[in-house]
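The values are calculated or read from the model by the stated rules, or taken from the named source; none is laboratory data. Just so it is clear, the model here is predicted, and its values are computed rather than measured. For neighbour counting, all protein chains shown are included, and Cβ atoms are generated from backbone atoms with ideal geometry for every residue, glycine included. What goes into the accessible areas is simple: the full protein's heavy atoms, side chains included, and nothing from ligands, DNA or RNA. Shrake-Rupley method; radii C 1.70, N 1.55, O 1.52, S 1.80 Å.
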Amino acid sequence: MAESLTTVALFVLLASAAGLVVVLRSRIAIERLMAVQLLGTGGAATLLLLGTASAQPALTDVALLLVLLSAFSCAAFTLGETASDEPDERP
Amino acid sequence: MSLVFDIALVSGLIALALHVVVGRDGKGAIVAFIAFGLLLGLAWVRLAAIDVALTEAAIGGGLTGMLLLKAQAHLASRASRATPAFERNWHVPALFCGAVTLGLGYAVLSFPHPAPSLAREAVAAIDATGLGNPVTAVLLAYRAIDTLLEKIVLILALIGVWSLSTDNAWGGASYLRPAMVPEPLIFLARVLPPFGVLIAVYQVWVGADAPGGTFQAGTILAAMWLLVLLAGLRAAPETRLPTLRMMLAAGPALFILVGLMGVAVAEGFLSYPPAIAKPLIVVIEVALTLAVGGTLALLVSGPPDRAPKP
Amino acid sequence: MSAIALTSASLFGLCGSALVGIGLFCVIAHPELLRRLVGFNILGAGIFLVFGAVSRRGAAMGLGGDPVPQAMVITGVVVAFAATALAIALLRRLASLTGTATLDPTSPEPSETAARSEA
Amino acid sequence: MISLTDGFTLVFVAAGALLFLAGTLGLLRFPDTLSRLHALSKADSLGLGLIVIGLLPQMPSIAGGIKLVCVWLLAQLSAATASQLIAGIAARRKPDA
């Protein structure tokens with residue numbers, strides 16, 4: 001059971017990593033912010049799976065923190081959004 | 001299977017770090033760094049250091065990211081926009097850094113073979129502190145002097161940041177609210193802080209016996225406060241307020257007071273009388289959490305940039 | 001089991017040394033000062049990971065790792081944050097005084113910059 | 001022989017993991033920012049929810065289960081508002097693109 005949960009955790013991590021590559025390579029500045037949200041949710045799912053696989057309930061706390069702070073970082077991104085007139089599309 | 005997992009994690013970390021270095025756009029690099037911090041939290045979990053994972057996720061994935069984004073927004077509006085390229089002879093530092101990496105990697109691979117460990121000693125003495133989490137015991141009992149000095153470093157850094165304000169803004173407040181606050185941000189700033197405060201209290205509470213503790217809780221409190229300031233729901237306090245300064249100093253001051261009390265009734269500075277060791281540690285933890293939260297939030301807000309109201 | 005734990009610890013130790021190299025390169029060579037600060041944080045993360053490998057190898061007494069390096073890393077993370085905050089305040093002051101956030105004395109034309117980064 | 005609870009867990013957890021993959025595919029395939037955002041936040045939230053449901057029977061205590069549900073609720077809240085924020089910025093930028 002532990003082994004299969006770890007496998008699923010690896011799968012979720014890889015799926016999130018693939019999404020991360022797509023998002024970070026995007027030419028649109030705002031799409032890169034999705035990386036934070038992606039890792040917040042994907043990381044939380046990975047942590048919950050790992051925590052159950054290794055019977056460490058404290059990992060749930062890390063997952064909680066990850067979700068909380070990814071929301072915070074998304075909010076922090078609005079700083080300077082109105083001030084900067086950075087072009088959206090880069091050639 | 002778990003080794004495959006670790007390899008995936010490590011390659012993700014290195015790829016993100018490379019992206020930060022070679023990425024052309026500054027904001028994208030900072031977002032990649034935030035993602036790096038979140039992923040690093042996972043790496044610390046794999047190293048069975050959950051206390052560190054909590055701290056790293058909170059600081060690396062949260063507060064440092066906000067600090068950098070804020071600086072980026074400020075610089076982008078002021079400094080020249082053109083990003084200069086790397087120096088032509090970037091190969092020399094690259095070779096040097098490669099050599100450093102190789103040397104360090106060699107050192108990692110040739111660590112001594114029964115690994116030295118203080119885990120035995122840390123566990124053997126833990127009953128005297130009444131705590132269940134050895135990391136908290138190290139931080140607040142065995143090596144309390146480190147934690148005390150670290151608090152003082154935080155205060156010194158804050159004094160340094162404040163001193164960089166202009167003359168007429170000294171003692172004023174720093175301005176965090178963006179020119180236009182989107183509606184969802186206000187919603188988030190209303191709804192998230194109660195959860196955050198709850199999680200922070202929980203972290204302090206479980207920190208005695210399970211992973212968690214003052215730094216993590218203080219960081220969460222700082223993040224929540226910054227969220228409220230960011231949405232403009234509350235104004236940032238003026239830095240000349242005596243109550244604010246006293247609150248920041250209260251944590252370390254209480255710590256020093258307890259330490260001096262140790263000289264009188266126990267074996268020396270910062271040694272706790274065994275009978276009341278645990279209550280003392282809990283009191284210090286609560287005071288430190290508030291002081292850490294306040295200091296970190298003010299460090300992120302930066303030097304005051306508005307003149308104090310007369 | 002111990003063999004796997006050992007390999008995993010050295011893997012993260014090696015990752016830490018790679019991050020030290022990457023961060024150091026960014027600190028030395030990157031023209032943008034803000035990016036150098038990000039590099040400084042990556043460098044710190046690498047050093048902490050090497051500590052983490054040391055801690056993991058010291059697992060004993062039913063603990064997942066040696067608590068002493070872990071406590072040092074927690075202290076270090078917070079101090080690194082304080083240093084970053086101070087450096088950023090300095091950088092912002094520099095930028096508002098001089099209008100530049102780079103150490104490039106010549107300050108090349110934007111078109112030339114673009115051409116050089118394309119190359 | 002897998003017990004019934006373990007089978008339940010595996011089915012739900014695997015479904016959740018597949019949704020994470022679906023979210024990534026959506027990022028790859030969808031043409032514009034808003035639909036990619038939609039793919040990401042919807043699929044990932046649902047994936048996390050399924051994983052939480054799948055892990056619930058494995059929890060040793062009720063408190064652990066409650067904490068698990070709390071993670072999901074918080075993720076719902078933050079994903080929803082963060083998507084709104086991102087979408088708002090994207091929509092405001094559209095005219096000058």
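Residue separation of residue B:24 and residue B:152 scaled by 0.36 nm, minus their Cα-Cα distance, works out to 42.3 nm of gained length. Measuring spread by the Cα atoms of the protein assembly as shown yields a radius of gyration and Dmax of 23.5, 77 Å.
Taking amide H as placed 1.01 Å from N in the peptide plane, the amide H of residue C:32 sits under 5 Å from none that are at least 5 places away or on another chain.
At q = 0.20 Å⁻¹, what base-10 log of I(q)/I(0) does the Debye formula yield for segment D:1-46 when every alpha carbon is treated as an equal point scatterer in vacuo? Rounded to two decimals, the profile gives -0.61.
Could you please state how large a percent of the accessible area of the protein assembly as shown is carbon and sulfur, counting protein chains only and using a 1.4 Å probe? Write out the running numbers ahead of the final one.
Values: 16910 of 24400 Å².
C and S atoms contribute 69 percent here.
Applied to segment B:129-141, the Karplus parametrisation 6.51 cos²θ - 1.76 cosθ + 1.60 on θ = phi - 60° returns per-residue 3J(HN,Hα) values of 8, x, 9, x, 9, x, 5, 4, 4, 5, 5, 10, 10 Hz, with x for Gly and Pro. The count of lysine pairs in the protein assembly as shown that are at least 8 places apart or cross chains, and whose C-alpha atoms lie under 26 Å apart, stands at 9.
In the protein assembly as shown, helical runs assigned H by DSSP with n ≥ 4 each contribute -39500 (n - 2.57); averaged across all residues and rounded to the nearest 500, the mean residue ellipticity at 222 nm is -25000 deg cm²/dmol. Residues of segment D:56-71 falling in the label zone of residue A:55, defined by backbone nitrogen less than 12 Å from a point 7 Å along Cα to beta-carbon, are D:60.
Determine the total buried accessible area between chain A and chain D, counting protein heavy atoms only with a 1.4 Å probe; round to the nearest 100 Å².
Working: alone 6450 and 6860 Å², together 9720 Å².
The A and D chains share an interface burying roughly 3600 Å².
The alpha-carbon atoms of segment D:4-93, seen along their principal axes, cover 49, 25, 9 angstrom, with the largest extent given first.
Per the accessible-area calculation with a 1.4 Å probe, the total area buried between chain D and chain B rounds to 800 Å². Angle of helix D:33-55 to the longest C-alpha principal axis of chain D, folded into 0 to 90 degrees and rounded to 10: 10°.
Dividing the alpha-carbon radius of gyration of segment B:167-310 by the rule-of-thumb value 2.2 N^0.38 Å gives 1.24. Within the listed set B:207, B:103, B:268, the residue fluctuating most in the Gaussian network model of chain B (springs between alpha-carbon atoms under 10 angstrom) is B:103. For segment B:29-128, what does the alpha-carbon gyration tensor say about shape, rounded, prolate or oblate, given a ≥ b ≥ c as the root eigenvalues, a/c under 1.5 as rounded, and a/b over b/c as prolate? In terms of gyration-tensor shape, oblate. Using the Cβ-Cβ distance between residue B:309 and residue D:2 with R0 = 60 Å, the FRET efficiency computed as 1/(1 + (r/R0)^6) comes to roughly 0.30. Note on chain B: Cα-only Rg and Dmax are 22.1, 66 Å.
Take the Cα of residue B:175, go 7 Å toward its beta carbon, and the backbone nitrogen atoms of segment B:229-249 under 18 Å from that spot belong to B:229-240. The radius of gyration of the Cα set in chain A, together with its Dmax, comes out at 16.0, 52 angstrom. Highest GNM mean-square fluctuation, chain B, Cα pairs closer than 10 Å: which of B:25, B:51, B:209? Highest fluctuation among the options: B:25. Chain B packed on chain A takes about 4200 Å² of accessible surface away from a 1.4 Å probe, both sides summed.
Note on chain B: GNM, Cα springs under 10 Å; of B:274, B:112, B:242, the largest mean-square fluctuation is that of B:112.
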